[in-house]
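The structure appears right after this line, and notes come after that.
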Amino acid sequence: MKIFTYVLIVIAALLCIYNATKLDFENLLQGESVVALIGIVASLCAVLILLIFMTSRKIQDKVNNQK
């Protein structure tokens, strides 16, 4: 499960980088740039959720080992 989570984080980071290449800084809120911005925000949210998941698994493992 740990490796799968790391793979998902890498994929989300790569999607963020890809969407950053699609940005048109002169017209950020028009056309394809809006889609790229949404993609960047979504991939950053995915990374954040996966990091929270990893942290919660570590906490759960520590709690289970104390019992």
In the chain, with Lys and Arg counted as +1 and Asp and Glu as -1 at Cβ, which of these residues, Leu14, Met54, Ser33, has the Cα nearest the positive end of the dipole, that is, farthest along it?
Met54
Full extension between Asn64 and Ala13 adds, at 0.36 nm per residue less the Cα distance, a length in nm of 15.2 nm
Where does each of Thr55, Thr5 land when they are ordered by accessible area, with a 1.4 Å probe and the largest first?
Thr55, Thr5
Loop-only check: which chymotrypsin sites (Phe, Trp or Tyr not before Pro) in the chain are DSSP coil with at most 11 other Cβ within 10 angstrom?
Phe25
Apportionment of accessible area to carbon and sulfur, the chain, percent (1.4 Å)
70
Stretchable slack from Thr5 to Arg57, in nm (0.36 nm times residue separation minus alpha-carbon distance)
17.6 nm
Where a Cα-Cα gap under 29 Å defines reach, which lysines qualify for Lys58, not counting those fewer than 8 residues away within the same chain?
Lys2, Lys67
Measuring from its Cα centre, the chain shows a charge dipole (+1 at each Lys and Arg Cβ, -1 at each Asp and Glu Cβ) which, in debye to the nearest 20, is 640
Which order do Ile59, Ile3, Ile40 take by accessible area at a 1.4 Å probe, largest first?
Ile3, Ile59, Ile40
For the chain, with +1 on Lys and Arg beta carbons and -1 on Asp and Glu, the positive-most of Ile3, Asn64, Leu44 along the dipole:
Asn64
Once you have the alpha carbon radius of gyration of the chain, what is it after dividing by 2.2 N^0.38 Å, with N set to its residue count?
1.51
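The values are calculated or read from the model by the stated rules, or taken from the named source; none is laboratory data. Source: prediction; values computed, not measured. Every residue, glycine among them, receives a Cβ derived from its backbone with ideal geometry; neighbour counts consider all protein chains shown. All accessible areas refer to the heavy atoms of the entire protein, side chains included, with ligands and DNA or RNA removed. Shrake-Rupley method; radii C 1.70, N 1.55, O 1.52, S 1.80 Å.
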